[in-house]
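This report concerns only the one structure given below.
The values are calculated or read from the model by the stated rules, or taken from the named source; none is laboratory data. What you are looking at is a predicted structure, and each value in this text was computed from that prediction instead of being measured. Quick reminder, even Gly has a Cβ in these numbers, built from the backbone with ideal geometry, and neighbours come from all protein chains shown. Ligands, DNA and RNA are excluded from the accessible area calculation, which covers all protein heavy atoms including side chains. Shrake-Rupley method; radii C 1.70, N 1.55, O 1.52, S 1.80 Å.
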Amino acid sequence: MSADSRLRVAAPGDREIVLSRTFDAPAGLLFDTLTQPELLTRWYGARGWNLVTCTIDLRVGGHYRFVSRGPDDAELAQSGTYREVERPSRLVYTEVFDDQSYPGETLIEHQLTERADATTLTSTLRYPSPEAREIVLRYPMTRGVGQAYDRLDAILTELARAQEKQP
């Protein structure tokens, strides 16, 4: 199954993009992979991109900063502020890229819904304007997020197996 067939993408309203995918992992473990630098650096980014800087102050009002490096040593940096941190079900934060193609910040809400040892991650990205969302929709976002989520799925499988082996 390709990444794109497991990743559902919708564009409701005029400022939102909603991404959703189900992972065979408990919500707490998935939440950890979204918030712990040692786990984020193992999966975050499309194929060919790696998170080389990952600082997180995981609390309401805390900040994060990610720097990814890709082909030809290209760098992409983003940062923001945590607005809500409710482990294991909800994470809300702002996002601004250093070299952003539109003005303003994006509000990102991750909702984690666990059912029978699987967790659906629904991410709502609310852009500062309809124009900003239209710019983002022209990017190869579905491919990039799908590839990152494939990497995330492999890490979750590895971590779940390791937890099963613990006495």
Which residue pairs have Cβ atoms under 6 Å apart, sit 6 or more places apart or on different chains, and have a first residue in segment 154-167 that is more than 9 Å from ALA25 (Cβ to Cβ) and a second that is open to solvent by less than 50 Å² (accessible area, probe 1.4 Å) and of a type outside the set (Val, Ile, Thr)? ILE155/TRP43
Select from segment 8-54 the residues that are within 13 Å of the chain's Cα centre (by Cα) and at pLDDT below 95 and write down the one among them that is surrounded by the most Cβ atoms within 10 Å (Cβ to Cβ). GLY45
Scan segment 80-105 for residues that are more than 17 Å from ARG21 (Cβ to Cβ) and open to solvent by less than 30 Å² (accessible area, probe 1.4 Å) and jot them down. GLY80, TYR82, VAL92, THR94, GLU95, TYR102
So, in segment 60-72, how many residues would count as being farther than 17 Å from VAL92 by Cβ, open to solvent by 40 Å² or more (accessible area, probe 1.4 Å) and modelled with pLDDT of 95 or more? 2
GLU158 fails exactly one of the following numbered conditions: (1) closer than 21 Å to THR53 by Cβ; (2) modelled with pLDDT under 95; (3) part of a helix (DSSP H, G or I); (4) not β-branched (Val, Ile, Thr). What is the number of that condition? (1)
Return yes when SER89 is in contact with a His (Cβ under 6 Å, 6 or more places away or on another chain), among the small types (Gly, Ala, Ser) and touching a residue at least 60 places away in the same chain (Cβ under 8 Å) and no when it is not. no
Please work out which one of (1) over 15 Å from ALA11 (Cβ atoms); (2) within 16 Å of the chain's Cα centre (by Cα); (3) not acidic (Asp, Glu) is the condition ARG115 fails and give its number. (2)
Select from segment 117-147 the residues that are among the aliphatic types (A, V, I, L, M), in a helix (DSSP H, G or I), touching a Phe, Trp or Tyr at 6+ places or on another chain (Cβ under 7 Å) and crowded, with 18+ Cβ neighbours inside 10 Å and list them in ascending order. ALA132
Set ASP57, ASP150: member being of a type in the set (D, E, K, R), in contact (Cβ under 8 Å) with a residue 40 or more places away in the chain and either open to solvent by 20 Å² or more (accessible area, probe 1.4 Å) or on the phi > 0 side of the Ramachandran plot (or both): ASP150
Residue satisfying all of: in segment 106-116; in contact with a Phe, Trp or Tyr (Cβ under 9 Å, 6 or more places away or on another chain) and of a type outside the set (A, V, I, L, M); least open to solvent (accessible area, probe 1.4 Å) among these: THR106
